[in-house]
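See below for the structure under consideration.
The values are calculated or read from the model by the stated rules, or taken from the named source; none is laboratory data. Computed from a predicted structure; not experimentally measured. Neighbour counts run over all protein chains shown; Cβ positions are idealised from the backbone, glycine included. Side chains are part of the model used for accessible areas, which takes the heavy atoms of the whole protein and leaves out ligands, DNA and RNA. Shrake-Rupley method; radii C 1.70, N 1.55, O 1.52, S 1.80 Å.
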Amino acid sequence: VLVLDPRTGKKVHTLSYPPVAIKGGYVLDARQDGTRALAFAPDGKALFAGTRSGRVVRFDLTADKAPPTIWEASPAGFGGLAVAADGATVY
């Protein structure tokens, strides 16, 4: 996922996540897992990606090289994402 500055068009972040679900060194899900939806937190400090396999990936935009947080959210995948005004809930 590339994040660009809307004023200059310059690259601000290059973000990535593992394409498969892995737990304890074992591949749990080897399906393709492309990004289907994106939403910024209202404060601009996080970017959320909804994946084809139904995972949500949270990127911390305030910390360089911070690994993303990933959780299983929707077995049906995503058509869109929204973040609550307080940034605590992702819909």
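For the reader, a short list of remarks on this structure follows.
- Expected-Rg normalisation [2.2 N^0.38 Å, Cα atoms] applied to the chain: 1.10
- Calculated accessible area for the chain comes out at 66 Å² per residue, all protein chains present (probe 1.4 Å; ligands, DNA, RNA ignored).
- Solvent-accessible area, 1.4 Å probe, carbon plus sulfur percent, for the chain: 55 percent
- The simple spin-label model puts a point 7 Å past each Cα toward its Cβ; for residue 43 and residue 89 those points are separated by 1.8 nm.
- Neighbour net charge for residue 81 - beta-carbon separation under 14 angstrom, K R +1, D E -1: +4
- 3J(HN,Hα) couplings calculated from phi for segment 43-58 with the Karplus curve 6.51 cos²θ - 1.76 cosθ + 1.60 (θ = phi - 60°) are, in sequence order, 7, x, 8, 9, 10, 10, 10, x, 9, 4, 7, x, 8, 10, 10, 10 Hz; Gly and Pro show x.
- For the chain, the Cβ-based charge dipole about the Cα centre amounts to some 240 debye (Lys, Arg positive; Asp, Glu negative; other atoms uncharged).
- Qualifying aspartates and glutamates (Cα of each under 15 Å from Cα of residue 11; at least 8 residues distant if same chain): 64
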